[in-house]
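Below is one structure, written out as structure tokens; the observations come after it.
The values are calculated or read from the model by the stated rules, or taken from the named source; none is laboratory data. Values in this document were obtained by computation on a predicted structure and should not be read as measured data. Heads up, the Cβs are rebuilt from the backbone with ideal geometry, glycines too, and the neighbour counts pull from every protein chain shown. In case anyone asks, the SASA skips ligands and DNA or RNA and just uses the protein heavy atoms, side chains included. Shrake-Rupley method; radii C 1.70, N 1.55, O 1.52, S 1.80 Å.
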Amino acid sequence: MVMKSLLKDKKRNILFILGGLAFVIGIICSGKVKATKKANISAGFDTEMTHRTPPVFDSISSTLPFINDSLCFIKDPANSMYGFIHELNDLLYGKDTVINIVHLGDSHIQAGYLSGRTMRLLQNSFGNAGRGWIAPFKLSKVNEPSDYFISSNIKEWTAGRCVQLNPKCPWGIGGIGIQTEAKDIDFNLIIAPNNGAGYSFNKVLLYRDCNAAPMSPVDIPKDYVSARSWGSESYENIIVDTFMTTNLTDTFSIRSMKIRPDSLYAKNSGSNRYYGFMLMNGNPGILYHSIGVNGAKYTDYANREYIRQLSLLKPSLLIVSLGTNESFGRNFSKTSFELQVDSFVRLVREEIPGTTLLITTPAETYKRIYKNKKRDYIRNENIAKIVDVISSYTEKEGIACWDLFSIAGGNNSCKKWYDAKLLGRDRIHFSRDGYDEQGVLLYKAIIRSCISELHLQETALIDATTESEEEARYVE
């Protein structure tokens, strides 16, 4: 009787897994969230954007002839992605939870096109929990993603970035920081009407220095703000303030509060320093935090204090897309580069051990040279060396790897991307369409991992059930 009961339970599990597999495929085939009514609402995308989502899994293929679709998967021989994939499956079955993904990188990520495309596709499949991390790039005088705006009454900020040898201002989670001596400060957060469609929010988190003046919502009815909390979360010198509204909004304004003379902030002689914001909508799904800084390398993020700050975002998955800038070094060394990657990985494993790592390889680009004082471009051969190091290191350390270099065409592929008008004029950065292609490929690789994991579970349960049936027949 006990054996028959166990057999019955295992059959029920098989049906559960098979149902999950069918569910994932169904989601990919429709390009829409179907888990629950609540998840449907959380997707929140306009009709036009939904129609742009690749409609069928096998047809989520690039139209570019040089893309190697058979290589578009995540190499993960150690099965390190299992925990993250399990969390995604929980969302499919309607679990009311939020999964945080952090995509860390350089200028390829700061622009927001590659990571933005992956973000929207994942949220269309698993639920949209909000825009996630946004940073005041334009206030620091650099380019900002096109789906949001952050403005301020202060026009001249002192800015610091992780790539600077001697930054004028300490930097935080987003790799940048801005500060001012002014006392009256405001910030206006705006979701771009077209590019930001679907990212209305009802919860704002402000990340600031512990000595910076606290801020409060302005220009909105008092009953529109349902909750506010100062310093609800903190890490050493970083304070996180929380503001919640009763309804979804596309705009939000905050202003520095008037400080009493006897206040601790009034005694502070330092500058008012801010790092960025997080926007959420209260729904289950994916929060995809893009953190990229122009010129960034592994050494710029390999900082213990920074990795500890990153833990405030509670990342289930940390995608790392670096290596392009290292390839331009005059005396590039594969040994030195591996040590740099290893230093970063060790810190992540020590400070946020529950986070799954996914390291990507850079696509091939050109490098600029001068012949007879005339500018010319040649294939950057160091990119292939970077790829060799990342591929061997991730396999040795049991880390998941997405090999964009090989998927994008491998050696000599930069000419094909340039000829297809998918590389920019500098032949290092891709066009918006080029990044869009890469973002779709990353999404596809993650989805393939989901289906592969469900298939493995299904096979294991079927094998276990077969063994149980044989044992039951033997007992009888």
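Check whether at least one residue in segment 280-287 is out of contact with any strand residue (DSSP E or B) (no Cβ under 7 Å at 6 or more places or on another chain), at pLDDT 95 or above and of a type in the set (G, A, S), and report yes or no. For segment 280-287, residues out of contact with any strand residue (DSSP E or B) (no Cβ under 7 Å at 6 or more places or on another chain), at pLDDT 95 or above and of a type in the set (G, A, S): absent. The residue that is nearest to the chain's Cα centre (by Cα), counting only those in segment 413-452 that are among the polar types (S, T, N, Q) and at pLDDT 95 or above, is Q438. If you go through segment 143-156 and pick out every residue that is out of contact with any Leu (no Cβ under 9 Å at 6 or more places or on another chain) and touching a residue at least 40 places away in the same chain (Cβ under 8 Å), you end up with 4. Taking the numbered list (1) closer than 25 Å to K75 by Cα; (2) of a type in the set (D, E, K, R); (3) touching a strand residue (DSSP E or B) at 6+ places or on another chain (Cβ under 7 Å) in turn, D376 passes all entries but (1).
When S140 is tested against the conditions (1) closer than 19 Å to V204 by Cα; (2) surrounded by fewer than 22 Cβ atoms within 10 Å (Cβ to Cβ); (3) free of Cβ contacts under 8 Å to residues at least 40 places away in the same chain, the lone failure is (1).
Selection of helices (runs of 4 or more DSSP H) fully inside segment 274-377 by the criterion of at least 2 residues being among the β-branched types (V, I, T) returns 334-351. Restricted to segment 371-385, and to residues there that are surrounded by 12 or more Cβ atoms within 10 Å (Cβ to Cβ) and among the basic types (K, R), the residue that is farthest from I428 (Cα to Cα) is K385.
In segment 403-453, the qualifying residues are those that are among the hydrophobic types (A, V, I, L, M, F, W, C) and closer than 18 Å to R368 by Cα, and the one that is most open to solvent (accessible area, probe 1.4 Å) is I428. Please work out if S311 is at pLDDT 95 or above, among the polar types (S, T, N, Q) and over 30 Å from K183 (Cβ atoms). So S311 fails the test.
Among the conditions (1) modelled with pLDDT under 95; (2) closer than 30 Å to I176 by Cβ, D90 misses just one, which is (2). Filtered by the rule that a residue be over 22 Å from E351 (Cα atoms), open to solvent by less than 30 Å² (accessible area, probe 1.4 Å) and either within 26 Å of the chain's Cα centre (by Cα) or modelled with pLDDT of 90 or more (or both), segment 218-246 gives D241, T242, F243, T245.
Looking at this structure, is S125 within 18 Å of I447 (Cβ to Cβ), crowded, with 20+ Cβ neighbours inside 10 Å, touching a residue at least 60 places away in the same chain (Cβ under 8 Å) and of a type in the set (S, T, N, Q)? Yes.
So which residues in segment 303-334 are open to solvent by 30 Å² or more (accessible area, probe 1.4 Å), more than 22 Å from Y377 (Cβ to Cβ) and among the small types (G, A, S), if there are any at all? Steps first, please.
Within segment 303-334, the subset open to solvent by 30 Å² or more (accessible area, probe 1.4 Å) is 303-305, 308, 311, 314, 325, 328-334.
This time we only want the ones that are more than 22 Å from Y377 (Cβ to Cβ), so: 303-305, 308, 311, 314, 333-334.
Once the filter is applied, which keeps residues that are open to solvent by 30 Å² or more (accessible area, probe 1.4 Å), more than 22 Å from Y377 (Cβ to Cβ) and among the small types (G, A, S), segment 303-334 yields S311, S333.
Take K396 and decide whether it is under 18 Å from L357 (Cα atoms) and without any contact (Cβ under 8 Å) to a residue 24 or more places away in the chain. So K396 passes the test.
Each residue in segment 337-361 was checked for being out of contact with any helix residue (DSSP H, G or I) (no Cβ under 6 Å at 6 or more places or on another chain) and not hydrophobic (A, V, I, L, M, F, W, C), and 8 of them qualify.
Looking for something under 19 Å from the mean Cα position of the chain (by Cα) and not hydroxyl-bearing (S, T, Y) - is there at least one such residue anywhere in segment 382-393? Spell out how you get there, then give the answer.
The initial filter retains those residues of segment 382-393 that are under 19 Å from the mean Cα position of the chain (by Cα), namely none.
No: segment 382-393 contains no residue that is under 19 Å from the mean Cα position of the chain (by Cα) and not hydroxyl-bearing (S, T, Y).
The single residue among S62, S107, S151 that is at pLDDT 95 or above, surrounded by fewer than 20 Cβ atoms within 10 Å (Cβ to Cβ) and within 30 Å of D388 (Cβ to Cβ) turns out to be S107. Counting the residues of segment 140-194 that are within 30 Å of Y298 (Cα to Cα), assigned to a loop (DSSP other than H, G, I, E, B) and not small (G, A, S) gives 19.
Which members of segment 394-406 meet the condition of being over 20 Å from the mean Cα position of the chain (by Cα) and assigned to a helix (DSSP H, G or I)?
E395, K396, E397, S406, listed by residue number.
Selection of first residues in segment 157-173 that are under 18 Å from C210 (Cα atoms) and open to solvent by 40 Å² or more (accessible area, probe 1.4 Å) and of second residues that are of a type outside the set (G, A, S) and assigned to a loop (DSSP other than H, G, I, E, B), restricted to Cβ pairs under 6 Å at least 6 apart or on distinct chains, gives the following pairs, ordered by first then second residue: T158/K168; T158/C169; W171/C162.
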